[in-house]
1. Any chance region 162-174 includes a residue that's within 29 Å of residue 262 (Cα to Cα), at pLDDT 95 or above and surrounded by fewer than 16 Cβ atoms within 10 Å (Cβ to Cβ)?
2. How many residues does region 240-283 contain that are farther than 24 Å from residue 359 by Cα and of a type in the set (Asp, Glu)?
3. Would you confirm whether any residue within region 281-300 is open to solvent by 50 Å² or more (accessible area, probe 1.4 Å), within 16 Å of the ligand (Cβ to nearest atom) and touching a helix residue (DSSP H, G or I) at 6+ places or on another chain (Cβ under 9 Å)?
4. Any residue that is at pLDDT below 95 and at positive phi - is there at least one of those in region 374-390?
5. Identify the residue in region 154-180 that is of a type outside the set (A, V, I, L, M, F, W, C) and within 16 Å of the ligand (Cβ to nearest atom) and, among all such residues, is farthest from residue 324 (Cα to Cα).
6. Can you confirm whether residue 3 is touching a strand residue (DSSP E or B) at 6+ places or on another chain (Cβ under 7 Å) and free of Cβ contacts under 8 Å to residues at least 24 places away in the same chain?
7. From the list 5, 40, pick out the single residue that is buried (at least 16 other Cβ atoms within 10 Å of the Cβ) and in contact with a Lys or Arg (Cβ under 6 Å, 6 or more places away or on another chain).
8. Listed residues 218, 202; which is open to solvent by less than 20 Å² (accessible area, probe 1.4 Å) and away from the ligand (no atom under 16 Å from the Cβ)?
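The values are calculated or read from the model by the stated rules, or taken from the named source; none is laboratory data. Keep in mind that this is a model prediction, so the values were computed, not measured. Note that we place each Cβ from the backbone using ideal geometry, even for glycine, and neighbour counts take in every protein chain shown. These area figures cover heavy atoms from the full protein model, side chains too; ligands, DNA and RNA do not enter into them. Shrake-Rupley method; radii C 1.70, N 1.55, O 1.52, S 1.80 Å.
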Amino acid sequence: MRIHLKTLGCRLNEAELETWSRDFQARGHAMTGNAEEADLLVVNTCAVTEEAVRKSRKLLGRSSRQNPNARLVVSGCFASLDPNAALEMEGVDLVINNQDKERLVELVSEKLDLTVMAEAATEPEATGLLERGRQRAFIKVQDGCRYRCAFCIVTLARGEERSRPVREIIAEINRLYGEGIREVVLTGVHIGGYGSDIGASLAGLIRRILNETDIPRLRIGSIEPWDLPRDFWSLFNNPRFMPHLHLPLQSGSDSVLRRMARRCRSGEYRQLFKQATRQVADLNVTTDIIVGFPGETEAEWQQTLDFVEETGFGDLHIFAYSPRQGTKAATLPDPVSREVKRRRSETLHRLNERLRRQTLKRHIGRTFPVLIEGQGVRGWGGYTPNYLRISLETGKGGSLENRIVRVRAEGLSADGRELRGRLQADRTQ
Ligand code: SF4
């Protein structure tokens, strides 16, 4: 069969698509990038916001209309939170909820009676990540979360924590490295909780990846500012473990954090930030901020602005609060008006632009090993180890795509959103 996979939402959803692609090929099926010629369509949905649910529904509708003859399977958070609504969507043949995602290919083969063409079952060809212009691979290491932050629907959609075995993760990274991938990102719902169910730990996993693979660049995805393993900072002594952390703060006000049922107050976060930046050279910390959580007063909002100003984040991901049915926050009183949310978001975006520019300026004059991810309007582009975007003039030489080259930062782009650099001809990796 020819199979087409689509996804919305987070890196975890993307990582799951890579695994399904491999598993389908191992059963002799062919992957196609063209939905209209596929015999089977699989859509991995998202439900982090009402908007994400709307987009998931729209994608399912379009997929069914684009190719009404194909079988249509839906999985992901929208389908897990509301399986009946997903099954009622036009053209949907099967719903696989998040808890069964690891077995999706097996269940689809069984329930839709997919013919396994054993003779066609080959060692799955390369993931096609590089062909698809992707130099970084997302590796799912765990799923689910034991916590119940008041605004979070993910913990309800993805269930209890479950970790992948260490050897399986290492085997996947070695395979991807063999295929030319130079950078992997460990991702999950609550990766700080990795191993809690299998007697392992995130620090242990990272140490084994650094010891048992040759992957040049290892990153971790978003990690909550608690449950960090004790000996975490020493792991960054290995130059292959990239000095960037995305540590969601959500609010700088303790009274808001309390209503959010977050496990980290502003004082603890400040402590953690100081400890991290003291112990890890060049560490870039980025974060998430929710604007307009129910009941957020002007004074509480000012606390968030002051906290962001004093802390010096490398970049902010800014989300205007949107209520999610089923979460505790959706039942809280005193919703913040759309107008106030818009005004506060604008203020925070302006502050972020100023702080990001300051962070970038501090790196001018320095030279970094950069994994070139492709060529855009600004020439070749990629990220420094501490996850700062940098682009460089397109030289006369051959393609730099998927190469780790040394680049000297010489200035900022006109919009101040990234560094501009020059290739250092002396050493390439
Ligand atoms: S820790 Fe993260 S995934 Fe878990 S409930 Fe809180 S926000 Fe959601």
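1. The answer is yes; a qualifying residue exists.
2. Adding up the residues that qualify gives 1.
3. Looking through region 281-300, none of the residues is open to solvent by 50 Å² or more (accessible area, probe 1.4 Å), within 16 Å of the ligand (Cβ to nearest atom) and touching a helix residue (DSSP H, G or I) at 6+ places or on another chain (Cβ under 9 Å).
4. Within region 374-390, one or more residues are at pLDDT below 95 and at positive phi.
5. Looking at the filtered set, the residue picked out is 163.
6. No; evaluated as a whole, the condition is false for this residue.
7. 40
8. 218
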